[in-house]
1. Of the numbered conditions (1) at pLDDT below 95; (2) assigned to a helix (DSSP H, G or I); (3) open to solvent by 10 Å² or more (accessible area, probe 1.4 Å); (4) not hydroxyl-bearing (Ser, Thr, Tyr), residue 99 satisfies every one except a single condition; which is it?
2. Restricting the search to the stretch 6-42, which residues are among the charged types (D, E, K, R) and either in contact (Cβ under 8 Å) with a residue 40 or more places away in the chain or assigned to a helix (DSSP H, G or I) (or both)?
3. Test residue 72 against the stated conditions and say whether it is over 20 Å from residue 186 (Cα atoms) and either among the polar types (S, T, N, Q) or open to solvent by 20 Å² or more (accessible area, probe 1.4 Å) (or both).
4. Find the residue count for the stretch 43-81, including only residues that are farther than 17 Å from residue 228 by Cα and not in a loop (DSSP other than H, G, I, E, B).
5. Just the residues that are open to solvent by less than 50 Å² (accessible area, probe 1.4 Å) and either farther than 29 Å from residue 79 by Cβ or not in a helix (DSSP H, G or I) (or both), please, taken from the stretch 119-129.
6. Quick one: how many residues across the stretch 260-294 are part of a loop (DSSP other than H, G, I, E, B) and farther than 24 Å from residue 85 by Cβ?
7. Which pairs turn up if I take residues in the stretch 99-122 that are under 14 Å from residue 159 (Cβ atoms) and without any contact (Cβ under 8 Å) to a residue 60 or more places away in the chain and look for partners that are surrounded by fewer than 17 Cβ atoms within 10 Å (Cβ to Cβ) and of a type in the set (Asp, Glu) with beta carbon separation below 6 Å, at least 6 apart in sequence or on another chain?
8. If a residue counts only when it is surrounded by fewer than 22 Cβ atoms within 10 Å (Cβ to Cβ) and among the charged types (D, E, K, R), which strands (runs of 3 or more DSSP E) contained entirely in the stretch 130-202 have at least 3 such residues?
Amino acid sequence: MGHNLLKFPNVQEMFKLASEILGYDLLKLCLEGPKSELDKTRHSQAAVLVTSLAAVEKLKDERPLAVENCVATAGFSVGEFTALTFAGALSFEEVKIRGEAMQAASELTPSGMMTVFYRPDAKINFACHAAEEWCIRKGLQDPVCKVANFLFPHCKVIAGNEEALKFIEMNAEDFGIRRIKHLAVSGAFHTNLMKPAQLVLKEALKQCKINPPLISVHSNVDGKHYRNADIICKNLSKQLCSPVKWEQIMHIIYERPSTTSFPRTFECGPGQSLRTILKMVNAKAWDTSFLVGV
């Protein structure tokens with residue numbers, strides 16, 4: 001992870017600085033693994049942020065005008081921290097706190113996340129409610145099952161207690177769900193199961209210096225671009241227990257008169273899932289999008 005980016009300016013220095021803050025060799029973990037360690041929330045979030053910013057360095061080297069002329073940015077979940085760091089609002093330390101707090105919260109309750117692809121007549125909210133009721137009858141206290149990510153039409157991510165997710169999977173056809181894909185994560189992110197992490201992050205953000213972003217950064221919480229540092233502080237902690245409204249962000253960013261052309265879009269970071277989502281939400285905007293991989 002990130003091997004092809006080491007030749008670009010500033011990248012090795014970025015990994016070195018991140019490693020000093022984290023207290024372990026992030027570059028070695030990205031390059032050599034083991035994958036089981038890299039996949040842990042406390043490690044993966046730092047790895048995603050630094051490699052995403054390293055991909056920006058690649059873009060800056062290959063297409064400098066694309067970075068100079070950037071007018072707006074957004075990031076998915078921890079990617080929002082990347083976007084805010086790119087925009088000059090945050091530093092790396094906040095991601096370290098977030099990853100560690102989310103890892104700790106995940107270990108409190110067996111939980112997870114899964115992507116559901118469903119029919120137009122599906123009853124996703126009803127499915128989540130039924131799963132919570134089923135968990136209560138099984139003796140679980142305060143079970144959680146919610147939509148955690150809005151991706152594109154007829155596709156969302158559900159997160160919650162493991163028992164709740166099993167219930168939905170067993171009864172998928174009854175709820176109008178066509179296909180399910182479990183995510184390789186350790187917890188139910190963007191649900192109330194992250195409350196312990198939210199409290200930690202909220203206190204940490206109060207101690208951090210947050211600057212007004214130099215360009216528009218769109219919030220996962222409501223899709224709107226941040227107006228000031230106070231809202232950044234408020235929404236970043238709120239984000240941990242709120243669904244990622246990525247589909248809504250795409251509509252807000254690309255809304256324009258039919259006679260206005262779409263801007264160039266660059267996905268900087270590991271994978272290409274955000275471009276895939278963009279194609280499902282707005283195929284015309286996808287036509288002028290590019291992947292800057294790691």
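The values are calculated or read from the model by the stated rules, or taken from the named source; none is laboratory data. Remember, predicted model here, so these are calculated numbers, not experimental data. Backbone-built Cβ (ideal geometry, glycine too); neighbour counts: all protein chains shown. SASA here: full protein model, heavy atoms, side chains in, ligands and nucleic acids out. Shrake-Rupley method; radii C 1.70, N 1.55, O 1.52, S 1.80 Å.
1. Here residue 99 meets the rest and fails (3).
2. Those that are among the charged types (D, E, K, R) and either in contact (Cβ under 8 Å) with a residue 40 or more places away in the chain or assigned to a helix (DSSP H, G or I) (or both): 13, 16, 20, 28, 32, 35, 37, 39, 40, 42.
3. On the way: over 20 Å from residue 186 (Cα atoms): yes; either among the polar types (S, T, N, Q) or open to solvent by 20 Å² or more (accessible area, probe 1.4 Å) (or both): yes.
So residue 72 passes the test.
4. Taking the stretch 43-81 and keeping what is farther than 17 Å from residue 228 by Cα, we get 43-70, 75-79.
Now narrow it down to the ones that are not in a loop (DSSP other than H, G, I, E, B): 43-62, 64-68, 79.
Number of matching residues: 26.
5. The initial filter retains those residues of the stretch 119-129 that are open to solvent by less than 50 Å² (accessible area, probe 1.4 Å), namely 122, 124, 127-128.
Of everything in the stretch 119-129, just one residue is open to solvent by less than 50 Å² (accessible area, probe 1.4 Å) and either farther than 29 Å from residue 79 by Cβ or not in a helix (DSSP H, G or I) (or both), namely 122.
6. Counting residues in the stretch 260-294 that are part of a loop (DSSP other than H, G, I, E, B) and farther than 24 Å from residue 85 by Cβ gives 6.
7. Once the first residue is under 14 Å from residue 159 (Cβ atoms) and without any contact (Cβ under 8 Å) to a residue 60 or more places away in the chain and sits in the stretch 99-122, its partners that are surrounded by fewer than 17 Cβ atoms within 10 Å (Cβ to Cβ) and of a type in the set (Asp, Glu) give 110/162.
8. Details: elements: 145-152, 155-161, 177-182.
Of the strands (runs of 3 or more DSSP E) lying wholly inside the stretch 130-202, those with at least 3 residues that are surrounded by fewer than 22 Cβ atoms within 10 Å (Cβ to Cβ) and among the charged types (D, E, K, R) span 177-182.
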